[in-house]
1. All other residues with a Cβ under 15 Å from the Cβ of residue A:46 taken together, and with Lys, Arg as +1 and Asp, Glu as -1, what is their net charge?
2. Quick one: which residues, 5 or more positions from residue A:61 or on another chain, have an amide H under 5 Å from its amide H? H modelled 1.01 Å from N in the peptide plane, none for Pro or chain starts.
3. Using a cut-off of 11 Å between beta-carbons, work out the net charge of the residues near residue B:6 (Lys and Arg +1, Asp and Glu -1, residue B:6 not included).
4. Calculate the FRET efficiency for residue A:27 and residue B:82 from the Cβ-Cβ distance with a Förster distance of 35 Å, rounded to the nearest 0.05.
5. Only Cα pairs under 8 Å and at least 6 apart count here; give the relative contact order of the range A:42-108 as a rounded whole percent.
6. Just to check I understand the Karplus step: with θ = phi - 60° and J = 6.51 cos²θ - 1.76 cosθ + 1.60, what whole-Hz values come out for the range B:17-26, glycine and proline as x?
7. If amide H atoms are built 1.01 Å from N in the plane of the peptide, which residues on other chains or at least 5 residues away come under 5 Å of the amide H of residue A:86?
8. At q = 0.14, 0.22 Å⁻¹, what is the log10 ratio I(q)/I(0) for the range B:21-100, with the Debye formula run over Cα points and no solvent?
Amino acid sequence: EVQLVESGGGLVKPGSSLKLSCVASGFTFSSYGMHWIRQAPKKGLEWIALIYYDSSNKYYADSVKGRFTISRDNSKNTLYLEMNSLRSEDTAMYYCAKGWVLGVMDAWGQGASVTVSS
Amino acid sequence: DIVLTQSPVLAVSLGQRATISCRASQSVSISSINLMHWYQQKPGQQPKLLIYRASNLASGIPARFSGSGSGTDFTLTIDPVQADDIAAYYCQQSRESNTFGAGTKLELK
């Protein structure tokens with residue numbers, strides 16, 4: 001069974017940094033691209049980043065480009081999202097998702113909550 | 001950016017058919033491949049893949065769910081609607097980067 005477990009969320013002040021982790025199990029992590037998607041309170045889903053299976057390519061939404069960095073450690077089956085210069089509008093539940101062919105996200109974690117507030 | 005438009009709310013009676021639409025601002029199809037996917041999200045839960053590439057049922061999803069469409073217009077159909085289907089439904093395109101629709105909340109009439 002595929003499992004994705006996010007951690008590292010919390011309450012932080014504007015301008016600060018935070019690093020989320022997503023530990024994967026139940027599949028060959030090193031063979032699949034991985035996504036981060038966020039959902040602001042009472043809002044819809046926003047895709048924010050993708051990393052290829054071998055870290056050869058990384059893509060970001062314009063809203064986080066230059067502030068957030070996606071990375072992975074295939075030896076630890078772990079996906080990361082480093083978030084810098086956090087703003088109040090980054091407040092959201094952050095989900096990691098397993099990528100499948102042609103952009104399908106076929107498994108999702110339970111999410112990590114990030115609140116940016118002074 | 002490709003914008004996906006969904007109606008915010010759809011009210012339906014149990015046992016009836018629900019038709020949820022998603023319209024893209026430009027085609028999300030490449031040749032015969034429709035890069036449109038559907039997800040279900042129940043309150044307090046993470047999203048779950050229902051339909052991929054417009055019409056393919058994801059593993060473990062009941063056959064009362066189906067998808068159709070091509071180009072810019074896509075539909076998710078639930079027939080018949082059961083109480084467990086009350087949730088928000090999101091379309092997602094992967095033709096250019098990735099974007100989601102704003103979601104359709106399925107409510108009981």
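1. On the way: positive: A:38, A:42, A:43, A:65, A:67, A:87; negative: A:62, A:89, A:90, B:1.
So the environment of residue A:46 carries a net charge of +2.
2. For residue A:61, whose amide H was placed from the backbone, the distant partners under 5 Å are A:49.
3. Details: positive: B:23, B:105; negative: none.
Overall, the nearby charge balance is +2.
4. My answer for the efficiency is 0.75.
5. Values: 60 pairs, mean separation 11.7, N = 67.
This gives 17 percent for the range A:42-108.
6. Residue by residue, the range B:17-26 yields 8, 10, 10, 10, 10, 9, 10, 9, 6, 8 Hz.
7. Those qualifying (amide H under 5 Å, at least 5 residues apart or on another chain) are A:15, A:16.
8. -0.43, -1.00
Every number here is computed from the coordinates shown, using simple stated rules; none is lab data. Keep in mind that this is a model prediction, so the values were computed, not measured. Cβ atoms come from the backbone with ideal geometry, glycine included; neighbour counts cover every protein chain shown.
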